[in-house]
Amino acid sequence: MTASRVNIAPGGLPASADGAVIVPLHQDHPNASGLATSAQKYAWHSLSREEPPKRDAKERQADFREIYQLFDLETVKAQAARCIQCAMPFCRLGCPLSSRIPEWLALVAEGRFLEAAEISQETSSMPEICARVCPQERLCEGACLLLERAEPVPIGAIEKFINEFAFEHGGATAARVMPNGKSVAVVGSGPAGISCADALAKLGYAVTVFEAKPRAGGLLVNGIPSFKLQKEVVDRRLDLLMRRGIIFRHHTTIGQDLPLAKLLEEYDAVFLGRGAQHARKLDVPGGNLKGSCLALDFLIAQNLGPASNYPSVPIEGRQVVVLGGGDTAMDCLRTAIRGGARKATCVYRRNETHLPASHREYRNALEEGAEFLFMATPLELVGNPQGEVTQIRLARTEFGEPDAQGLRQPHAVPGSDFFIPAEVVLVAFGLDPTPFPDSPEWLDIQVNELGGVAVDENQMTSVPKVFAGGAQVNGANLVVYAVRDGYRAAAGIHRYLSGKA
Ligand code: SF4
Ligand code: SF4
């Protein structure tokens, strides 16, 4: 983010470009317990936004450790003090969890980190994780009112700081509550399942989480590489959940190791949070050549190692081409670079402006040496006599006329074919909701137009007692939306089982 120029009106108040004085909306607002002092209210126009320290790109290429470090104490306080405590805090509207951002920022500005973390934890079962993986530019920070005049408050980095501080200083706890005598089975231990389980455990439900893989965490550990979210951070959160009394059963696939009917018999309600692990395939000649791999399979094999039972694709010294332009594509590029790829190139059919990946991840991939080929689409994978991919035939693309929705779809330009070398091709075209197991007991659960599970306003499916949420319902989306859905489902389950609003 570049620094914006701030104009000063006569009298020293910040002003808009045309010289009009900008009066902070919050001036008389009793928000955040009145913690923001007058000096703090204007801190933003004398202090630019700072980013948290980031490790050097060369150093990052050599390991999988997280790339961002924490603010120091003074910087975090000063950056939090840039918040003008808006009477209408748009940042909260931008946050899918409606985090009480101005309140905890005001406390941070005063150095009251544990109290700030407590408030941040009230609306999220994993604030330290969302703070790491949310694309804040599209969410809380993208909605920050300061964006119109200067640069937004670095909300994500501050939220990470306070929650790390809480873990360090005993402020991240997991008290058990009095059991209410009811039990819930949660299928899937990704962000939706974890949030639903956590919210229900806080209400006294006995919760068991069933996970098909050898370790819990779902997408948080399988799909997101450690340089964005270290596995220890997820394990630390899971440990808290276990201390709250939640039981995890690994290596248990519902519909295979245990029928859904068994859960319905033994538990008062079932939550389905099986995610979106159905990858869209590359449908071109040669798509099945050796060396071509689905992005999610590649990431799971890299993230979990041999325990994953996913075949690993050799990367070292090879030319890797990633097809697609989302965050998963960026994760593949950066994982390939760390795995020693000779070259890692992203091929995307639109231009840089339309890249769906977050700007932050795109920038980080560029810094680490990834290359980008925009306005190109694959036509064919070409192989050698051993059946190994060696090249991709691509076509240039151009935007067509606007469609009914006003969108200009890219299409291949006839006769524009060209080849690029590729020894590994990673297909990152997106993920659809995980399909149901092939068994009649799932047939009564209706699906929606996205191919996910259809739910009502309580997140209940067409089968009584069975609820669903997250990517299982809406397809692959941000972690923070899955957290929100997990909470919604927990509220729906509680209403259903307790008869209470
Ligand atoms: Fe921002 Fe995500 Fe935290 Fe909400 S949960 S405040 S969107 S970082
Ligand atoms: Fe603070 Fe920005 Fe939120 Fe306003 S919108 S309360 S300045 S973080």
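The values are calculated or read from the model by the stated rules, or taken from the named source; none is laboratory data. Every value quoted in this text rests on a predicted model; they were computed, and no experiment measured them. Heads up, the Cβs are rebuilt from the backbone with ideal geometry, glycines too, and the neighbour counts pull from every protein chain shown. Note: accessible area is taken over every heavy atom of the protein model, side chains too, but ligands, DNA and RNA are not part of it. Shrake-Rupley method; radii C 1.70, N 1.55, O 1.52, S 1.80 Å.
Of note, Ala80 satisfies the criterion of being farther than 19 Å from Arg360 by Cβ and either within 10 Å of ligand 1 (Cβ to nearest atom) or touching a Leu at 6+ places or on another chain (Cβ under 8 Å) (or both).
Does segment 55-92 hold any residues that are without any contact (Cβ under 8 Å) to a residue 60 or more places away in the chain, of a type in the set (Lys, Arg) and away from ligand 2 (no atom under 16 Å from the Cβ), and which are they? Selection gives Arg55, Lys58. Could you check, for segment 391-414, whether at least one of its residues is over 21 Å from Pro356 (Cα atoms) and among the acidic types (Asp, Glu)? Looking through segment 391-414, none of the residues is over 21 Å from Pro356 (Cα atoms) and among the acidic types (Asp, Glu). Just give me the residues in segment 130-142 being open to solvent by 30 Å² or more (accessible area, probe 1.4 Å) and out of contact with any Lys or Arg (no Cβ under 7 Å at 6 or more places or on another chain), in sequence order. If the condition is that a residue be open to solvent by 30 Å² or more (accessible area, probe 1.4 Å) and out of contact with any Lys or Arg (no Cβ under 7 Å at 6 or more places or on another chain), then Arg138, Gly142 are the ones that fit. Restricting segment 111-150 to residues that are over 16 Å from Val76 (Cβ atoms) and of a type in the set (Asp, Glu) leaves a set whose member that is modelled with the lowest pLDDT is Glu148. In the set (1) at pLDDT 95 or above; (2) over 29 Å from Leu229 (Cα atoms), Gly34 fails one condition alone, (1). Among residues of segment 152-168 being more than 10 Å from ligand 2 (Cβ to nearest atom) and within 16 Å of the chain's Cα centre (by Cα), the one that is farthest from Ser125 (Cα to Cα) is Ala157. Within segment 131-151, the set of residues being away from ligand 2 (no atom under 16 Å from the Cβ) and under 23 Å from Ile246 (Cβ atoms) comprises Arg132, Val133. Quick check on segment 248-263. Is at least one of its residues open to solvent by 30 Å² or more (accessible area, probe 1.4 Å), closer than 28 Å to Leu200 by Cα, of a type outside the set (S, T, N, Q) and touching a residue at least 60 places away in the same chain (Cβ under 8 Å)? Within segment 248-263, one or more residues are open to solvent by 30 Å² or more (accessible area, probe 1.4 Å), closer than 28 Å to Leu200 by Cα, of a type outside the set (S, T, N, Q) and touching a residue at least 60 places away in the same chain (Cβ under 8 Å). Among the candidates Ala106, Ala80, Ala87, Ala116, the residue that is of a type in the set (A, V, I, L, M), over 24 Å from Arg334 (Cβ atoms), outside the structural domain of Leu241 (by TED's automatic domain parsing) and open to solvent by 10 Å² or more (accessible area, probe 1.4 Å) is uniquely Ala87.
In the set (1) within 9 Å of ligand 1 (Cβ to nearest atom); (2) without any contact (Cβ under 8 Å) to a residue 24 or more places away in the chain; (3) of a type outside the set (Lys, Arg), Glu115 fails one condition alone, (1).
Could you please let me know if Gly369 is on the phi > 0 side of the Ramachandran plot, in the same structural domain as Asn288 (by TED's automatic domain parsing) and in contact with a helix residue (DSSP H, G or I) (Cβ under 6 Å, 6 or more places away or on another chain)? Yes. Here Gln69 meets the list (1) open to solvent by 40 Å² or more (accessible area, probe 1.4 Å); (2) under 29 Å from Lys202 (Cβ atoms) almost entirely, failing just condition (2).
Listed here are the residues, each with its yes/no results for (1) crowded, with 22+ Cβ neighbours inside 10 Å; (2) within 16 Å of ligand 2 (Cβ to nearest atom); (3) within 25 Å of the chain's Cα centre (by Cα).
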position	(1), (2), (3)
Arg393	no, no, no
Gly415	no, no, no
Val447	no, no, yes
Ala454	no, no, yes
Ala468	yes, no, yes
Ala471	yes, no, yes
Val483	yes, no, yes
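Residue by residue through segment 122-156, note down the ones that are near ligand 1 (Cβ under 9 Å from one of its atoms) and either among the basic types (Lys, Arg) or in contact with a strand residue (DSSP E or B) (Cβ under 7 Å, 6 or more places away or on another chain) (or both). Of everything in segment 122-156, those that are near ligand 1 (Cβ under 9 Å from one of its atoms) and either among the basic types (Lys, Arg) or in contact with a strand residue (DSSP E or B) (Cβ under 7 Å, 6 or more places away or on another chain) (or both) turn out to be Arg132, Arg138.
Against the numbered list (1) out of contact with any helix residue (DSSP H, G or I) (no Cβ under 7 Å at 6 or more places or on another chain); (2) within 21 Å of Gly470 (Cβ to Cβ); (3) modelled with pLDDT of 95 or more, Phe271 comes up short only at (1). A count restricted to segment 136-161 and to residues that are among the basic types (Lys, Arg) and touching an Asp or Glu at 6+ places or on another chain (Cβ under 8 Å) stands at 1. Cys95 meets all of the listed conditions (1) within 10 Å of ligand 2 (Cβ to nearest atom); (2) open to solvent by less than 10 Å² (accessible area, probe 1.4 Å); (3) within 13 Å of Gly156 (Cβ to Cβ) but one, namely (2).
From (1) in the same structural domain as Gly188 (by TED's automatic domain parsing); (2) in contact (Cβ under 8 Å) with a residue 60 or more places away in the chain, pick out the condition that doesn't hold for Ala422. Condition not satisfied by Ala422: (1).
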